[in-house]
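Participant: Before I ask anything, let me first share the structure, which is written out below as structure tokens.
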Amino acid sequence: MTLDDLATGSEATVASVGGEGVFRRRLLELGLLPGTRVARIGQAPLGDPLRIRVRDVVLSIRRVDARRVELNG
Amino acid sequence: MSAEQPRVVFVGNPNTGKSTLFNRVTGSAAHVSNVPGTTVSRTDGRWSLPGGAVECVDVPGTYSLAAHSADERVALDAIIGLEHPTSALVVVLDAPRLARSLYLALQVLELGTPVVCALNLMDEARTQGRVPSAERLAELLGVPVVPVVGRTGEGLDALGAAVREVIEAASPPPPPHEPSDALRADALAAADSLPEAWTAGASEGRRVALGLWALLSDDGVEAIADVAIDHVALVGIRRRAEDAGRDLMGEVVGHRYAWIDRVSPSLYSDAAPVDHAAQDRVDRILLHPLWGSLVFAAVMFVVFQTLFSWSGPLVDGIDGAFGWLGDVVAGAMAAATEAATTSAGPAVGAAVGFLGDLLVEGIIGGVGSVLVFIPQIGLLFLFISLLEDSGYLARAAHLMDRILRLAGLPGQAFVPLLSGYACAVPAVMATRSLPRHRDRLLTMLVVPLTSCSARLPVYVLLVAALFPETVPGLPVSAQALALFTMYALSTVVSVLAAVVLGRLVVTGTAAPALLELPPYRWPHPPNVWRSVKNALSAFVTEAGQVILVATIVLWGLLSFPRYEPTELLSPDTVAEARAEGVSIDDLAQTEALRRSYAGQLGRAMEPVIAPLGYDWKIGIGLLGSFAAREVFVSTMGLVYGIGDDAAEDDVSLHEKLHAEKHPDGRPVYTPLTGASLMVFFAFAMQCLSTLAVLRRETESWRWPAFATAYMMALAWVSAFAVYQGGRLLGFG
């Protein structure tokens, strides 16, 4: 399962962060690391980007980027 | 900047109140400037500490030392202290949400520069019942940690004392976290790939820190393209790690977060979890598909209306005041001219007359044309900083992201683009709220294509004079449809231009559009005031000079060489005009304009504009419209001898346009010429003020020159296609 499959209001643990270079580094440095709890709290009216909460901070992340984050379970 | 004074750099994540804190300690003396060669601004100030003042620098907020963008590069340079040695760093931490801001703090600590941590937003932490222990954090980090509230100034004396202490202390302690032995070895090897200037004289700890930075650096990133990194060596280190089954990037980032995750529970003694309920409740309304969209539409409507029409009375007031001042001075100078002519002869009289014209038309008119932008810029920045400070601007970007992605732009480009439909000058300045240099530059290049309010009088003149009210078979007014088409065309072409320029010109690496949605906060009036003041002073002092000079030059082109009224009109013409009741002054003005440098230029330009269906008189109008597009209307009034106060709905101007014939007897103005002219106005860069503000915001002539070239080419080709295509199809 990837981050964009996570249902609104639910939480999961990050398994791995894909992509490479600048993209992957940005996600990791914002704290989206394997083992981190991440919650999907909503989405923009057009269904994209998503709103997630990581380490007490709310981020707006595009679906295409969220797809690279694998979740456990 | 004096060399002896210690230099203190303020660093921190976005949305941690870093700038509020900086403004608080430096007071009103802070100075905002662009970092040379970039659109990034930096604030310098002085901070009075016990034992003497220090220089302070506020750099853009950043989440890490990654330097993926020009802003982060500015922050990196200041933190590493390559150009000016850094005496101490103040790392601003977000007290209720420490985990995120500790990541940057650890990176900074690794570098071995003296550090003081400012534990900011303590007021929010107390409200939320989530107060971290400063003593515990100081013990863990090995550096002073001072709880502060930037908005009220609480804790600033202690912060100052701590900064003074670390500046004078012998050497900073080693960072609290340790990389694994393997990672440490890789980092030391990677440090050798960095330029000599970075690592010269560095301690082993600092070499490790710089090496870790190098391991994550990417050779495709434009922001660090000028750093001479040995990428071949780096690739070798990365490949060896990969072959051993290691994930270097994960290790570098992971070893810092591992420490943070280990210590975090012990920092909050009362262990209350962050209360997200309040923020989530507001977000559920403001980001709701229906209510959120309605609120967004209402907010943007207010912003747009303010720029488009509510600023009108203020703009008219400034216009009126300068018009009145011009009239008063003109009257006085006319009297002085007459007195000088009778007492000292016609030559002196002409000189006084020239001075009067320069003063009234050039200088008073020029200063007026600078100051007339103040209401719009001030009001737009008032709104933007209120929205930014409250946290709504990030939500607006979140809401618009999907739509603006079609243009290859992030959601933050929405407010500047919307403002462009009122006026490109404040809109270009509003791109300051875009965090990435590439996005900001691209938005600035596209904003002048949006249909600003100065184009409207030109469209109205051409549509009303040349287009029929109704067309058989068309259910709506042909004139209304033509106007609507111009706005739609402007929007579509702006989007296309963004796509094309984003691919070909303003490329740059695409970083993931991760946008933090900060907690809602009440706007802080000093921040709002500072943002308005900085925008206005940058415009008036820097862009204003260019606008003033350009206005005087344009006035010179339109009013030189100068003639005596008797030289311009033959006695026969005067007699004829008297008989027909035509104003002699208007006729003389028209003749002077025809013979002016602008008139000569208009004629010289004719071969270039003839394929678009224009004659040299329209050429003069196009030159005049550089002052501001709506000046086209009054210039055409001058060209056709009905005075310079013609308005777009002036029936006599419409009649003059209809009567105008080419030498071969064809009418000059047909609906097709009108369409060609409107398309030209839609795309051409005809605004000196926009060019001046583009120069100010990009700190170079390169981008205004590029914008002029691409827009002029687009305008010419499109007008050519409309006119010649229309002729082929049998119109006009």
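Participant: Starting from segment B:8-30, take each residue that is within 15 Å of B:Asp44 (Cβ to Cβ) and list its partners that are in a helix (DSSP H, G or I) and charged (D, E, K, R), counting only C-beta distances under 6 angstrom and pairs at least six apart or across chains.
Facilitator: Cβ pairs passing all conditions: B:Phe10/B:Lys18.
Participant: Moving to a separate point now. Grab the helices (runs of 4 or more DSSP H) fully contained in segment B:215-302, keeping just those with 3 or more residues being under 38 Å from the mean Cα position of the chain (by Cα) and facing another protein chain (nearest Cβ under 9 Å).
Facilitator: B:248-267, B:277-286
Participant: Can you find a residue that is under 16 Å from B:Thr491 (Cβ atoms) and within 14 Å of another protein chain (Cβ to nearest Cβ) anywhere in segment B:424-439?
Facilitator: No; the residues of segment B:424-439 include none that is under 16 Å from B:Thr491 (Cβ atoms) and within 14 Å of another protein chain (Cβ to nearest Cβ).
Participant: For a quick check of your reading: which helices (runs of 4 or more DSSP H) sit entirely within segment B:448-543 and have at least 2 residues that are touching a Leu at 6+ places or on another chain (Cβ under 9 Å) and in the same structural domain as B:Ser676 (by TED's automatic domain parsing)?
Facilitator: Hits in segment B:448-543: B:455-466, B:478-504.
Participant: Right, next: Looking at B:Ala182, B:Ala202, B:Ala161, which is the one that is over 21 Å from A:Arg25 (Cα atoms) and assigned to a helix (DSSP H, G or I)?
Facilitator: B:Ala161
Participant: On the basis of being more than 8 Å from chain B (Cβ to nearest Cβ), at pLDDT 95 or above and closer than 22 Å to B:Arg284 by Cα, does A:Ala12 make the cut?
Facilitator: Yes; evaluated as a whole, the condition is true for this residue.
Participant: I've got another one for you. In the set B:Asp77, B:Asp58, which member is among the charged types (D, E, K, R) and either surrounded by fewer than 24 Cβ atoms within 10 Å (Cβ to Cβ) or within 20 Å of B:Ile260 (Cβ to Cβ) (or both)?
Facilitator: Going through B:Asp77, B:Asp58 in turn, just one is among the charged types (D, E, K, R) and either surrounded by fewer than 24 Cβ atoms within 10 Å (Cβ to Cβ) or within 20 Å of B:Ile260 (Cβ to Cβ) (or both): B:Asp77.
Participant: Sort through A:Val57, A:Val17, A:Val69 and tell me the only one that's surrounded by 21 or more Cβ atoms within 10 Å (Cβ to Cβ) and touching a residue at least 60 places away in the same chain (Cβ under 8 Å).
Facilitator: A:Val69
Participant: Between a first residue in segment B:68-84 that is outside any helix (DSSP H, G or I) and a second residue that is at pLDDT 80 or above and among the small types (Gly, Ala, Ser), which pairs have beta carbons less than 9 Å apart while being 6 or more apart in sequence or on different chains?
Facilitator: From segment B:68-84, the pairs are B:Gly81/B:Ser87; B:Leu82/B:Ala197; B:His84/B:Ala78.
Participant: In segment A:33-43, what residues are closer than 18 Å to B:His276 by Cβ and more than 7 Å from chain B (Cβ to nearest Cβ)?
Facilitator: Scanning segment A:33-43 gives A:Thr36, A:Arg37, A:Val38, A:Ala39, A:Arg40, A:Gln43.
Participant: With the condition kept exactly as written, say whether any residue in segment A:44-57 is part of a loop (DSSP other than H, G, I, E, B), of a type in the set (Lys, Arg), closer than 29 Å to B:Trp213 by Cα and within 11 Å of chain B (Cβ to nearest Cβ).
Facilitator: Looking for residues that are part of a loop (DSSP other than H, G, I, E, B), of a type in the set (Lys, Arg), closer than 29 Å to B:Trp213 by Cα and within 11 Å of chain B (Cβ to nearest Cβ), one finds at least one in segment A:44-57, hence yes.
Participant: Take the conditions over 23 Å from A:Leu59 (Cβ atoms) and assigned by TED's automatic domain parsing to the domain that holds B:Trp310 and apply them to B:Leu399. Does it pass?
Facilitator: No: the conditions fail for B:Leu399.
Participant: Just to check your reading of the model, which residue among B:Val303, B:Val208 is at pLDDT below 90 and either over 30 Å from B:Val145 (Cβ atoms) or among the β-branched types (Val, Ile, Thr) (or both)?
Facilitator: None of the others qualify; the one that does is B:Val303.
Participant: Let me ask something else. For segment B:391-402, check the following and say yes or no: at least one residue is under 24 Å from B:Leu501 (Cβ atoms) and hydroxyl-bearing (Ser, Thr, Tyr).
Facilitator: No, the conditions are met nowhere in segment B:391-402.
Participant: Every residue in segment A:28-40 that is assigned to a strand (DSSP E or B) and either among the basic types (Lys, Arg) or in contact with a Gly (Cβ under 7 Å, 6 or more places away or on another chain) (or both), please.
Facilitator: Listed by number, the residues that qualify are A:Arg37, A:Arg40.
Participant: Still on this structure, I have one more. Condition first: at pLDDT below 85 and within 14 Å of another protein chain (Cβ to nearest Cβ). Now tell me which residues in segment B:467-520 satisfy that.
Facilitator: Those that are at pLDDT below 85 and within 14 Å of another protein chain (Cβ to nearest Cβ): B:Thr507, B:Gly508, B:Thr509, B:Ala510, B:Ala511, B:Pro512, B:Ala513, B:Leu514.
The values are calculated or read from the model by the stated rules, or taken from the named source; none is laboratory data. Since the model is a prediction, treat every value here as computed from it, not as a measurement. Quick reminder, even Gly has a Cβ in these numbers, built from the backbone with ideal geometry, and neighbours come from all protein chains shown.
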